[in-house]
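Below is one structure, written out as structure tokens; the observations come after it.
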Amino acid sequence: MRKKIVAGNWKMNKNLQEGLELAKNLDAVLANEKVNCDVIIGTPFIHLASVCAAVDTQRLGVAAENCADHASGAYTGEVSAEMVKSTGANYVILGHSERRAYYGETPEMLKTKVELALANGLTPIFCIGEVLEERKAGEHFNVVKAQIEGSLFSLSAEDFGKIILAYEPVWAIGTGETATPEQAEEIHAYIRGVLAEKYGQEVADNCSILYGGSCKPSNAKELFANPNVDGGLIGGASLKVEDFMGIVRAW
């Protein structure tokens, strides 16, 4: 049975003190509430060790928002998968559209990052998705298939089974636009079909595929009602406890 997951991605928001307060408050709410999904927060690197020490990471998973495509060495300013793991974090968000667009991350770089993350016991939350021009041109299926093939299909079935996928229609991130529940289900079902062709139906059925495009408390329940949508990767709404819990409670 694949996991239902609501994961937050704070992006470059919240200083250390603000982030720590947010994480503690969220953890306190989760301690007093029975939830029907796994809950994860993705924080900036400088927050990781402090947040992991301050919360119950069995109850509230903690993710880095990226890691380096090298294990170690003379790469000033980079943070390795091993360093992320040493903070107590168990997840890492990889391939986010902002990383691909602003920092030139290629499928080959992301392939290396995924392999390093897995080698260090981290669970990758791997992002895929198309921009508006690709959606309008009807290329969205080809785009997500190429992104998966280019970075993940060299993995064994066993290792692929450790991946969480997040489909993010790039045209719906931070724009207030949201894919309709029908659009979300259509492409999530397509992605699962691509996985089944490569790894077989059992692996495909066990892979959690999250929706990541302007998911809010007001639309989460409708999105999550789709059989192939297993939760959300949440941006802006993860920065306030009540907003984020509104999405968690949609399960």
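The values are calculated or read from the model by the stated rules, or taken from the named source; none is laboratory data. Remember, predicted model here, so these are calculated numbers, not experimental data. Because the Cβ atoms are built from the backbone with ideal geometry, glycine has one as well, and the counts that use them run over all protein chains shown.
None of Ala137, Ala204, Ala146 is within 18 Å of Lys3 (Cα to Cα) and surrounded by fewer than 22 Cβ atoms within 10 Å (Cβ to Cβ) except Ala204.
Annotation note: Cβ proximity below 6 Å between a residue of the range 58-77 that is buried (at least 20 other Cβ atoms within 10 Å of the Cβ) and a residue that is of a type in the set (Gly, Ala, Ser) and assigned to a strand (DSSP E or B) (sequence gap 6+ or interchain) occurs for Ala63/Gly42; Glu65/Gly42. Residues in the range 86-110 that are surrounded by fewer than 18 Cβ atoms within 10 Å (Cβ to Cβ) and closer than 26 Å to Thr175 by Cβ: Ala101, Tyr102, Tyr103, Gly104, Thr106, Pro107.
Could you tell me whether Glu222 is over 29 Å from Ala157 (Cβ atoms), surrounded by fewer than 16 Cβ atoms within 10 Å (Cβ to Cβ) and modelled with pLDDT under 95?
No, not satisfied.
Of the conditions (1) more than 16 Å from Gly212 (Cβ to Cβ); (2) in contact (Cβ under 8 Å) with a residue 12 or more places away in the chain, Ala28 clears all except one; give me its number. If we test Ala28 against (1) more than 16 Å from Gly212 (Cβ to Cβ); (2) in contact (Cβ under 8 Å) with a residue 12 or more places away in the chain, just (2) comes out false. Every listed requirement among (1) touching a Pro at 6+ places or on another chain (Cβ under 6 Å); (2) assigned to a loop (DSSP other than H, G, I, E, B) is met by Leu223 save one, (2).
Would the range 229-247 turn up any residue that is in contact with a His (Cβ under 7 Å, 6 or more places away or on another chain), assigned to a loop (DSSP other than H, G, I, E, B) and either over 17 Å from Glu98 (Cα atoms) or not aromatic (Phe, Trp, Tyr) (or both)?
Scanning the range 229-247 turns up at least one residue that is in contact with a His (Cβ under 7 Å, 6 or more places away or on another chain), assigned to a loop (DSSP other than H, G, I, E, B) and either over 17 Å from Glu98 (Cα atoms) or not aromatic (Phe, Trp, Tyr) (or both).
Scanning the range 27-50 for residues being within 16 Å of Lys240 (Cα to Cα) and in contact with a strand residue (DSSP E or B) (Cβ under 7 Å, 6 or more places away or on another chain) gives a total of 6. Scanning the range 101-120 for residues that are touching a residue at least 24 places away in the same chain (Cβ under 8 Å), of a type outside the set (A, V, I, L, M, F, W, C) and within 20 Å of Asn9 (Cα to Cα) turns up just one, Lys113.
Yes/no per residue for (1) crowded, with 20+ Cβ neighbours inside 10 Å; (2) not in a helix (DSSP H, G or I):
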| residue | (1), (2) |
| --- | --- |
| Gly8 | yes, yes |
| Lys11 | no, yes |
| Lys14 | no, yes |
| Glu18 | no, no |
| Ala23 | yes, no |
| Leu30 | no, no |
| Val39 | yes, yes |
| Gly42 | yes, yes |
| Ala49 | no, no |
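Of Glu177, Glu168, all but one fail to be charged (D, E, K, R), surrounded by fewer than 18 Cβ atoms within 10 Å (Cβ to Cβ), in contact (Cβ under 8 Å) with a residue 24 or more places away in the chain and touching a helix residue (DSSP H, G or I) at 6+ places or on another chain (Cβ under 7 Å); the exception is Glu177.
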